[in-house]
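The next block holds one structure in the form of structure tokens; read it before the comments.
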Amino acid sequence: MNPTEELKFKRADGMLAAALLLAAAVLFTLGGFLQQSEAGSDKRVRVYRDGEEVLDAAITEELNTPVFSEDDGENIISIRDGKVCVESANCPGQDCVKMGWISQPGEEIICLPHKLVIRIEGGEGDVDALAR
Amino acid sequence: MHWQGKKMARLSLLLAVAVLLGYVEAVIPVSVGVPGVKLGLANCALLFVLYAFGPAEAALVSVLRTLIIALLFTNLPMLIYSLSGALMSILLMSLIKRGPFSIYGVSAAGGMTHNLTQLLAALIVAGLTGSTPSFLLTYASLLILCGMVAGFVNAFLASVLLQRISPEALSGN
Ligand SMILES: [Zn+2]
């Protein structure tokens with residue numbers, strides 16, 4: 001066999017490439033579908049200040065943002081790996097920070113001094129949404 | 001005897017090149033944003049050995065390269081990943097080479113197998129902790145894609161080398 005013949009791109013190589021592309025596309029699509037079901041689909045983090053919605057974010061996001069309230073109140077809200085917490089706050093008592101991470105629909109972190117409610121809404125297990 | 005000595009010298013030289021290419025890539029990583037995905041320039045040297053010498057010689061160089069890299073630059077536990085990847089890769093490349101494929105198909109299959117075997121070994125050794133099935137599927141698809149592209153690049157480089165350097169000068173007397 002002519003050795004240089006082995007060094008040129010052949011029809012079989014193209015077919016192999018097409019097969020690999022197809023396999024990659026199938027795996028990628030499957031992965032996307034699975035991720036949707038894993039993420040509990042459409043869970044959202046909503047923050048209310050004195051009853052008024054001030055933040056609405058998907059729980060799948062990566063977010064670290066301050067939420068301001070009256071009298072220079074500040075709560076740093078952190079969303080990561082499908083969980084949310086108040087990372088730090090300048091409220092007396094620090095109850096909101098001590099509550100740690102929440103991830104299930106219906107769970108809440110409340111900062112009374114700042115009149116702040118951080119709630120996870122949506123998703124399949126959201127009993128509160130049905131009752132409301 | 002004389003011939004064997006010459007062959008060993010040439011293979012040693014290619015082994016050194018393969019190690020060096022792996023080292024260069026470790027020092028100057030060309031990241032494509034997917035962890036664990038590299039161009040695998042050393043594969044270019046392996047392809048050269050596979051086509052200029054043969055499967056046995058390529059396997060020998062591949063295993064030695066992996067051992068040297070592991071001893072010099074990485075920790076030994078990593079050896080099980082890289083060694084399984086290297087072995088599976090060279091095995092599949094030798095098989096594919098017998099088929100209707102050119103160096104491009106061989107290289108693409110090799111690069112892809114290397115990546116996938118490493119992922120598989122990591123799963124078996126480290127367990128499935130922390131990785132969701134969706135992540136693994138998506139990751140595997142990226143490994144296939146990147147392995148293929150990298151394989152084609154390496155095949156092109158190796159084919160240029162193989163055409164410039166006559167095989168007789170290497171494997172002959
Ligand atoms: Zn508070």
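The values are calculated or read from the model by the stated rules, or taken from the named source; none is laboratory data. Because the structure is a prediction, the values reported are computed rather than measured. Virtual Cβ from ideal backbone geometry, glycine too; neighbours counted across all protein chains shown. These area figures cover heavy atoms from the full protein model, side chains too; ligands, DNA and RNA do not enter into them. Shrake-Rupley method; radii C 1.70, N 1.55, O 1.52, S 1.80 Å.
Mind listing whichever residues of region B:80-98 are of a type in the set (G, A, S) and under 9 Å from B:T117 (Cα atoms)?
Applying the first criterion (of a type in the set (G, A, S)) to region B:80-98 yields B:82, B:84-86, B:89, B:94.
B:S82, B:S84, B:G85, B:A86, B:S89, listed by residue number.
What pairs can you find where one residue is in region A:5-23 and within 7 Å of another protein chain (Cβ to nearest Cβ) and among the small types (G, A, S), the other is open to solvent by less than 30 Å² (accessible area, probe 1.4 Å) and in a helix (DSSP H, G or I), and their Cβ atoms are less than 7 Å apart, with a gap of 6+ or different chains?
A:A12/B:G105; A:A17/B:A108; A:A17/B:M148; A:A23/B:I144
Please determine whether any residue of region B:125-141 is part of a helix (DSSP H, G or I) and at pLDDT 90 or above. First the steps, then the outcome.
As a first pass, look at region B:125-141 and keep what is part of a helix (DSSP H, G or I): B:125-126, B:133-141.
Those left that are additionally at pLDDT 90 or above: B:141.
So far as region B:125-141 goes, yes, one or more of its residues are part of a helix (DSSP H, G or I) and at pLDDT 90 or above.
Please specify each residue of region A:50-98 satisfying the condition of being aliphatic (A, V, I, L, M) and either within 11 Å of the ligand (Cβ to nearest atom) or open to solvent by less than 40 Å² (accessible area, probe 1.4 Å) (or both). Break it down into steps so the answer makes sense when it comes.
Taking region A:50-98 as the starting set, the residues that turn out to be aliphatic (A, V, I, L, M) are A:54-55, A:57-59, A:63, A:67, A:76-77, A:79, A:84, A:86, A:89, A:97.
Residues satisfying the conditions are A:L55, A:A57, A:A58, A:I59, A:V67, A:I76, A:I77, A:I79, A:V84, A:V86, A:A89, A:V97.
Kindly indicate which of A:L27, A:L20, A:L16, A:L34 is crowded, with 17+ Cβ neighbours inside 10 Å and touching a Pro at 6+ places or on another chain (Cβ under 6 Å). Even if it seems obvious, please write down each step before you answer.
Details: A:L27 fails: touching a Pro at 6+ places or on another chain (Cβ under 6 Å); A:L20 fails: touching a Pro at 6+ places or on another chain (Cβ under 6 Å); A:L16 fails: touching a Pro at 6+ places or on another chain (Cβ under 6 Å).
Of the residues listed, the single one that is crowded, with 17+ Cβ neighbours inside 10 Å and touching a Pro at 6+ places or on another chain (Cβ under 6 Å) is A:L34.
Across region A:46-96, what is the total count of residues that are of a type in the set (D, E, K, R), free of Cβ contacts under 8 Å to residues at least 24 places away in the same chain and on the phi > 0 side of the Ramachandran plot?
3
Could you list, in sequence order, all residues of region A:27-59 that are closer than 17 Å to B:S134 by Cα and at pLDDT below 85?
If the condition is that a residue be closer than 17 Å to B:S134 by Cα and at pLDDT below 85, then A:G32, A:F33, A:L34, A:Q35, A:Q36, A:S37, A:E38, A:A39, A:G40, A:S41, A:D42 are the ones that fit.
Of the residues that sit in region B:88-102 and are small (G, A, S) and assigned to a helix (DSSP H, G or I), which one is farthest from B:V63 (Cα to Cα)? I'd like the intermediate steps shown before the answer.
Here is the first cut: in region B:88-102, the residues small (G, A, S) are B:89, B:94, B:99, B:102.
Filter again for assigned to a helix (DSSP H, G or I), leaving B:89, B:94.
Values: B:S89: 11, B:S94: 15 Å.
Only one residue fits best here, namely B:S94.
Going through region A:105-124 one residue at a time, which ones are more than 16 Å from the ligand (Cβ to nearest atom) and part of a strand (DSSP E or B)?
A:I120, A:E121
Filter region B:55-109 for residues that are out of contact with any Phe, Trp or Tyr (no Cβ under 9 Å at 6 or more places or on another chain), hydroxyl-bearing (S, T, Y) and within 14 Å of another protein chain (Cβ to nearest Cβ) and give the result.
B:S94
I'd like to know if region A:43-54 contains one or more residues that are within 14 Å of chain B (Cβ to nearest Cβ) and of a type in the set (S, T, Y). Even if it seems obvious, please write down each step before you answer.
Just the residues of region A:43-54 that are within 14 Å of chain B (Cβ to nearest Cβ), to begin with: none.
Scanning region A:43-54, I find no residue that is within 14 Å of chain B (Cβ to nearest Cβ) and of a type in the set (S, T, Y), so the answer is no.
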